[in-house]
Each structure stands twice: as C-alpha cells, then as structure tokens.
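Here the structure is laid out as structure tokens; the discussion comes afterwards.
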Amino acid sequence: MASSIDSFVQRSLGTWESKRSGHNLAFRHVEEVESTIEILPVSLDDPGLAELLASHGIPADSIASPFHMAWEGTSDWDEDATSKGSCTLVPLPSDNSNGRLLRSTGYTEQIPAIGTYRFSDDGCFILITPYEGSSAEERIWFATNDVRMRVSMMRTQSGRGVLQASFSSEIRSGS
C-alpha cells in the first residue's frame, strides 16, 4: 500500500494553473497572482538529489517520492514583472501520515528549509516550515483529481502574529 505522501505527490504531478489571493496584513494590501506551477518527479539516481541529501546528511533510503516544482506568475502589484522560481522537495516520512519535507530553496526565505508535515483525517496535507525570521503554514487538499486548494499563512517568528494569508485554487492544465 502506498503511503499518504506517495499518493499526495502522485496526485500533484503535472502542470497547474493557479489563482492566488494574498492578503499582506503588514501593508494592508491584497494581491492577486496568476501563475503556472509544474510539478515533476525526481529520479532517485538524480545527481542533484544525491547532492542535496548529502549536504543534509540524509540517507537515500529514508526518502519517498522526491519532486521538482517550478512556478512562473504575474501579480497585480506589478503587472510588468514576472515572478519565477523552482526547488526540489524531498519527503522524509516517519510513518504513513507524518514526516519532514526538505526543500532545496525555501518559499519565504531563499535558503534550504526543512518543515514538518502531517495529513489530517480528511486527507488535507499540512506543512509547517520554520525560517529564521518567520514560519509558513500551508494546507493543501484536492477538491477533485484536477482541482487543488491551498491556504497559507506566514507567521511571525514567535508564531503569535500573522503577516500574510492567502488562498489559491489550482486547476490542472488540460482538464
């Protein structure tokens, strides 16, 4: 039987069209972002994966379903600018519903990051990633095989304040 993380990654593979509404509480601003997200599997013999694991002292036999994510989008904050990036993500399951997630580049801070994940009883993927000056909490679930929902919050380092909150709907391209 496949683990929850294997199933989640498998369902996430592909190209997604995303619409995100972000609320920056510090600036009291709402931002609308449209982007394309591509999620591809990473081969276990990929040299970049081996280097990432070695740099963190992680044995290859402790990982599950590594994947690469790339995104490119535009914002109504600056319609002439394009935001893009990519990273490799490596699940490190501790059991069928919990584990850690290694990111080659963090979402909030552009440094490698390791967060903890769990699956709720209804199958929602919940990821909490601490950074030096803040933490990110993401919740991702599937409405259908071709529609994903994502809610995220950026919290202060203490975890008491919310800096930013967003909601994204993601539709698989070609569906």
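The values are calculated or read from the model by the stated rules, or taken from the named source; none is laboratory data. The model shown is predicted, which means the values in this text are computed figures rather than measured ones. Every residue, glycine among them, receives a Cβ derived from its backbone with ideal geometry; neighbour counts consider all protein chains shown.
Per-residue answers, yes or no, for (1) closer than 20 Å to Glu138 by Cα; (2) among the polar types (S, T, N, Q); (3) touching a Lys or Arg at 6+ places or on another chain (Cβ under 8 Å); (4) surrounded by 12 or more Cβ atoms within 10 Å (Cβ to Cβ):
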{"site": "Leu25", "(1), (2), (3), (4)": "yes, no, no, yes"}
{"site": "Thr36", "(1), (2), (3), (4)": "yes, yes, no, yes"}
{"site": "Ile39", "(1), (2), (3), (4)": "yes, no, no, yes"}
{"site": "Val42", "(1), (2), (3), (4)": "no, no, no, yes"}
{"site": "Leu49", "(1), (2), (3), (4)": "no, no, no, yes"}
{"site": "Ala60", "(1), (2), (3), (4)": "no, no, no, yes"}
{"site": "Pro66", "(1), (2), (3), (4)": "yes, no, no, yes"}
{"site": "Met69", "(1), (2), (3), (4)": "yes, no, no, yes"}
{"site": "Asp78", "(1), (2), (3), (4)": "no, no, no, no"}
Worksheet entry | Residues that are touching a helix residue (DSSP H, G or I) at 6+ places or on another chain (Cβ under 8 Å) and charged (D, E, K, R), drawn from segment 123-175 | Arg148
Item to complete: State the number of residues belonging to segment 3-37 that are under 20 Å from His68 (Cβ atoms) and not basic (Lys, Arg).
Response: 17
Item to complete: Select from segment 11-59 the residues that are part of a helix (DSSP H, G or I) and either in contact (Cβ under 8 Å) with a residue 24 or more places away in the chain or polar (S, T, N, Q) (or both) and list them in ascending order.
Response: Arg11, Ser12, Gly48, Leu49, Leu52, Leu53, Ser55
Practice prompt. Would you check if there is a residue in segment 101-109 being modelled with pLDDT under 95 and closer than 15 Å to Val9 by Cβ?
Written response: yes
Worksheet item: In segment 15-34, how many are of a type in the set (Gly, Ala, Ser) and out of contact with any Ser or Thr (no Cβ under 7 Å at 6 or more places or on another chain)?
Response: 1
